[in-house]
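A short write-up of the structure that comes next.
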Amino acid sequence: MLRMKLKKLKPALTSRKDPREENGSTRRDLVKFLVAGAGWAAVACRSHPALSAGTASPVKTNILRPPGAVPEEIFPAKCIRCGRCVEVCPYESIVPTDIRDTIYAGTPLIDVTKIPCYLCMKCVEVCPTGTLSRISQQETRMGLAVIDKHACVTWNQELALCRTCYNVCPFKEKAIKLDQLRPVVIDKFCTGCGLCTHGCPITQKSGKKAINIEPIYSFKPVKW
Amino acid sequence: MTSRSAKKAFYGRFRLFCLATAFCLILVVPALNKYLHFSFIQGWFQSLSIGHLWFVSPLEGIESILTSKTIYAPLLVGMLGPVLLALLLGRVFCSWICPISFLSELLDRFIRLVTRKRFRKQASPLPRKLIWFALLGEVIITLIIGAPIFVFLSPPGLVGREIMMATLFHTLAIEGIIVVIVLLLHMASRRLFCRYLCPLGALLGILGIKRRLIITKDPEKCVECSLCKKACPLGLDPATGETTSAYCWNCGECIDICKTRALTFRW
């Protein structure tokens with residue numbers, strides 16, 4: 001009796017499906033899986049705060065995009081991570097990010113506290129995608145220098161004769177002026193190159209300087 | 001090796017020479033840029049510039065256009081060269097230029113040296129059509145996430161980026177592990193990534209469906225020894241005319257191996 005049952009079972013156990021059919025189903029499943037997975041990943045990334053922190057732009061105070069960069073909203077979409085701006089930069093100011101910045105991986109950044117931008121405008125010439133638009137030195141708006149009046153010695157102390165930021169500014173008397181020997185940034189002309197931040201002798205506990213570049217132009221909404 | 005067989009491995013040697021030249025280019029260019037500020041030649045196979053002649057990899061360009069929803073004329077001009085190459089010659093970028101191909105080819109030669117076997121086993125664990133779905137899936141994922149993913153995860157691009165990172169900053173990016181994974185997959189099964197998963201290969205394959213350069217078989221000369229099938233890095237069977245399909249990347253391995261010279265490139 002048992003043997004008979006086993007005999008009946010045997011073909012069912014050993015029989016195999018048509019390989020083509022098998023392949024068809026696995027392929028479809030794979031595509032479904034990929035599409036569904038991507039959908040869920042995208043929804044999760046946008047909605048969940050812990051994950052959306054991971055997809056936040058790496059651009060922040062003193063960490064800027066190269067000159068002429070499009071707003072952060074479309075920067076990761078437009079940039080093809082070819083690294084030509086990184087390669088052409090003679091000062092090695094531009095450093096690419098890696099996969100820790102998720103979808104921003106491979107995009108160029110300038111940490112002005114390490115090496116600022118000297119506005120040689122070579123990177124905007126080589127960008128093949130228009131992510132860095134071709135602009136002149138004066139038109140560059142990588143950010144805006146903001147003086148921390150609590151940290152700056154000329155503002156918080158009497159008789160401190162520091163004017164490093166004024167001296168190093170490439171648009172002296174336009175972007176930074178002296179008001180009773182204290183530096184003042186004129187936002188109309190500040191390019192955000194970071195030479196002042198790099199030169200500033202004050203480093204606060206947070207790592208910021210007494211004059212910092214805020215990337216306010218990187219977070220402008222994009223007009224379609 | 002007789003002189004005849006040496007002469008016959010023409011395409012194999014020529015191709016290895018091309019691959020090595022292309023690899024040397026991306027190996028040397030970052031150093032030239034860094035130490036000599038020689039920016040006449042720039043970049044790698046995501047975007048390469050020789051003077052004012054710019055090339056942009058088609059898939060990366062298309063991803064950029066699709067996700068940013070803007071069109072930039074220099075980008076289109078840059079894509080023109082590679083697209084024309086693919087339209088006329090098919091997937092030749094993959095077999096004659098791609099740095100992953102070069103590394104795989106070196107690995108192949110090394111394996112051949114160690115195992116002392118002429119051919120590696122042709123295992124095809126997956127359906128060949130998967131490559132089209134890889135392209136489709138990649139584009140869909142890109143559009144859902146809103147950021148091109150092949151641009152920072154493409155193995156050929158990563159080879160270039162890692163070389164640049166090593167030369168310019170004396171460090172490596174973490175995602176370079178993908179290159180190692182692709183090469184390990186190649187160790188497991190010949191050209192697994194190129195065969196089934198490379199979206200760029202799929203795009204170039206689609207562009208090259210009506211290509212001018214194809215490998216054709218002279219049925220009178222063919223003795224059906226199936227050597228060509230064993231030699232094909234993509235596991236195609238040139239004897240049944242699979243070299244005229246979109247899957248073939250015109251590497252010429254089958255032409256080299258054919259003893260009766262039944263297979264030839266035809267324009």
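The values are calculated or read from the model by the stated rules, or taken from the named source; none is laboratory data. Here the structure is a predicted model, which is why all the values come from computation and not from measurement. Methodologically, a virtual Cβ is constructed for each residue, glycine included, from the backbone with ideal geometry; neighbour enumeration extends over all protein chains shown. Side chains are part of the model used for accessible areas, which takes the heavy atoms of the whole protein and leaves out ligands, DNA and RNA. Shrake-Rupley method; radii C 1.70, N 1.55, O 1.52, S 1.80 Å.
Can you tell me which of A:Leu195, A:Leu144, A:Leu109 is touching a strand residue (DSSP E or B) at 6+ places or on another chain (Cβ under 6 Å) and more than 30 Å from B:Leu53 (Cα to Cα)?
Details: A:Leu195 fails: touching a strand residue (DSSP E or B) at 6+ places or on another chain (Cβ under 6 Å); A:Leu109 fails: more than 30 Å from B:Leu53 (Cα to Cα).
Among A:Leu195, A:Leu144, A:Leu109, only A:Leu144 is touching a strand residue (DSSP E or B) at 6+ places or on another chain (Cβ under 6 Å) and more than 30 Å from B:Leu53 (Cα to Cα).
Sort out which residues of the stretch B:36-81 are part of a helix (DSSP H, G or I) and of a type in the set (Gly, Ala, Ser), and write them in order of number. Can you show your working first?
The initial filter retains those residues of the stretch B:36-81 that are part of a helix (DSSP H, G or I), namely B:36, B:58-68, B:73-81.
Answer for the stretch B:36-81, where residues must be part of a helix (DSSP H, G or I) and of a type in the set (Gly, Ala, Ser): B:Gly61, B:Ser64, B:Ser68, B:Ala73, B:Gly78, B:Gly81.
Go through (1) over 19 Å from the mean Cα position of the chain (by Cα); (2) farther than 21 Å from B:Leu27 by Cβ for B:Ala173 and report which single condition fails.
Exception for B:Ala173: condition (2).
Looking at A:Gly199, A:Gly192, A:Gly207, A:Gly143, which one is over 20 Å from the mean Cα position of the chain (by Cα), closer than 23 Å to A:Leu109 by Cα and of a type in the set (Gly, Ala, Ser)? Talk me through it step by step, then tell me what you get.
Numbers: A:Gly192 fails: over 20 Å from the mean Cα position of the chain (by Cα); A:Gly207 fails: over 20 Å from the mean Cα position of the chain (by Cα); A:Gly143 fails: over 20 Å from the mean Cα position of the chain (by Cα).
None of the others qualify; the one that does is A:Gly199.
Considering only the stretch B:172-196, state which residues are within 11 Å of another protein chain (Cβ to nearest Cβ) and either of a type in the set (A, V, I, L, M) or touching a Ser or Thr at 6+ places or on another chain (Cβ under 6 Å) (or both).
Quick first cut of the stretch B:172-196, residues within 11 Å of another protein chain (Cβ to nearest Cβ) only: B:172-178, B:196.
B:Leu172, B:Ala173, B:Ile174, B:Ile177, B:Ile178, listed by residue number.
Return only the number of the condition from (1) more than 8 Å from chain A (Cβ to nearest Cβ); (2) at pLDDT 90 or above that B:Gly61 does not satisfy.
(1)
Any chance you could count how many residues in the stretch A:57-80 are surrounded by 24 or more Cβ atoms within 10 Å (Cβ to Cβ) and either farther than 23 Å from A:Leu195 by Cβ or within 11 Å of chain B (Cβ to nearest Cβ) (or both)?
Of the residues in the stretch A:57-80, 5 are surrounded by 24 or more Cβ atoms within 10 Å (Cβ to Cβ) and either farther than 23 Å from A:Leu195 by Cβ or within 11 Å of chain B (Cβ to nearest Cβ) (or both).
Residues that are open to solvent by 20 Å² or more (accessible area, probe 1.4 Å) and out of contact with any Phe, Trp or Tyr (no Cβ under 9 Å at 6 or more places or on another chain): list the helices (runs of 4 or more DSSP H) wholly contained in the stretch A:106-224 that include at least 2 such residues.
Values: elements: A:123-126, A:153-156, A:164-168, A:195-199.
Those helices (runs of 4 or more DSSP H) span A:153-156, A:164-168, A:195-199.
Can you name the residue in the stretch B:64-85 that is open to solvent by 40 Å² or more (accessible area, probe 1.4 Å) and within 25 Å of the chain's Cα centre (by Cα) and is also nearest to the other protein chains (Cβ to nearest Cβ) among such residues?
Of all residues in the stretch B:64-85, those open to solvent by 40 Å² or more (accessible area, probe 1.4 Å) come to B:66, B:69-74, B:76-77, B:80, B:84-85.
In the following step, the residues that additionally are within 25 Å of the chain's Cα centre (by Cα) were identified as B:66, B:74, B:76-77, B:80, B:84-85.
Numbers: B:Leu66: 9, B:Pro74: 6, B:Leu76: 10, B:Val77: 9, B:Leu80: 12, B:Leu84: 17, B:Leu85: 17 Å.
So the residue we want is B:Pro74.
Please go through the stretch A:81-96 and pick out each residue that is open to solvent by less than 40 Å² (accessible area, probe 1.4 Å) and among the acidic types (Asp, Glu). So that I can check it myself, show each step before the final result.
Kept after step one, since they are open to solvent by less than 40 Å² (accessible area, probe 1.4 Å), are these residues of the stretch A:81-96: A:81-90, A:93-94, A:96.
Listed by number, the list holds a single entry, A:Glu87.
Residue under question is B:Glu224, and the condition is that it be of a type in the set (D, E, K, R), on the phi < 0 side of the Ramachandran plot and either open to solvent by less than 20 Å² (accessible area, probe 1.4 Å) or modelled with pLDDT under 90 (or both); does it hold? I'd like the intermediate steps shown before the answer.
Values: of a type in the set (D, E, K, R): yes; on the phi < 0 side of the Ramachandran plot: no; either open to solvent by less than 20 Å² (accessible area, probe 1.4 Å) or modelled with pLDDT under 90 (or both): yes.
Considered against the rule, which asks whether it is of a type in the set (D, E, K, R), on the phi < 0 side of the Ramachandran plot and either open to solvent by less than 20 Å² (accessible area, probe 1.4 Å) or modelled with pLDDT under 90 (or both), B:Glu224 comes out as no.
Please tell me if B:Ala20 is more than 14 Å from every other protein chain (Cβ to nearest Cβ) and in contact (Cβ under 8 Å) with a residue 40 or more places away in the chain. It would help to see each step written out before you state the result.
Numbers: more than 14 Å from every other protein chain (Cβ to nearest Cβ): yes; in contact (Cβ under 8 Å) with a residue 40 or more places away in the chain: yes.
For B:Ala20, the condition - more than 14 Å from every other protein chain (Cβ to nearest Cβ) and in contact (Cβ under 8 Å) with a residue 40 or more places away in the chain - is met.
I'm checking my understanding of the structure. Among residues of the stretch A:82-103 that are in a helix (DSSP H, G or I) and more than 8 Å from chain B (Cβ to nearest Cβ), which one is nearest to B:Glu63 (Cα to Cα)?
Restricting to residues being in a helix (DSSP H, G or I) and more than 8 Å from chain B (Cβ to nearest Cβ), the top hit is A:Thr102.
Every residue in the stretch B:178-223 that is in contact with a strand residue (DSSP E or B) (Cβ under 9 Å, 6 or more places away or on another chain) and hydrophobic (A, V, I, L, M, F, W, C), please.
Residues satisfying the conditions are B:Leu213, B:Ile214, B:Ile215, B:Cys222.
Out of curiosity, is A:Ile99 closer than 26 Å to B:Asn33 by Cβ, modelled with pLDDT under 90, of a type in the set (A, V, I, L, M, F, W, C) and open to solvent by 20 Å² or more (accessible area, probe 1.4 Å)?
So A:Ile99 passes the test.
Residues to consider are B:Thr142, B:Thr216; find the one that is more than 17 Å from the chain's Cα centre (by Cα) and crowded, with 19+ Cβ neighbours inside 10 Å. Write out each step before concluding.
Numbers: B:Thr216 fails: crowded, with 19+ Cβ neighbours inside 10 Å.
B:Thr142 is the lone residue from the list that is more than 17 Å from the chain's Cα centre (by Cα) and crowded, with 19+ Cβ neighbours inside 10 Å.
Quick check on the stretch B:108-130. Is at least one of its residues surrounded by 15 or more Cβ atoms within 10 Å (Cβ to Cβ), in contact with a helix residue (DSSP H, G or I) (Cβ under 6 Å, 6 or more places away or on another chain), more than 9 Å from every other protein chain (Cβ to nearest Cβ) and not acidic (Asp, Glu)?
no
Does B:Phe169 qualify as being within 11 Å of chain A (Cβ to nearest Cβ), open to solvent by 30 Å² or more (accessible area, probe 1.4 Å), aromatic (Phe, Trp, Tyr) and out of contact with any Leu (no Cβ under 7 Å at 6 or more places or on another chain)? Step through it out loud before you land on a result.
Working: within 11 Å of chain A (Cβ to nearest Cβ): yes; open to solvent by 30 Å² or more (accessible area, probe 1.4 Å): yes; aromatic (Phe, Trp, Tyr): yes; out of contact with any Leu (no Cβ under 7 Å at 6 or more places or on another chain): yes.
Yes: the conditions hold for B:Phe169.
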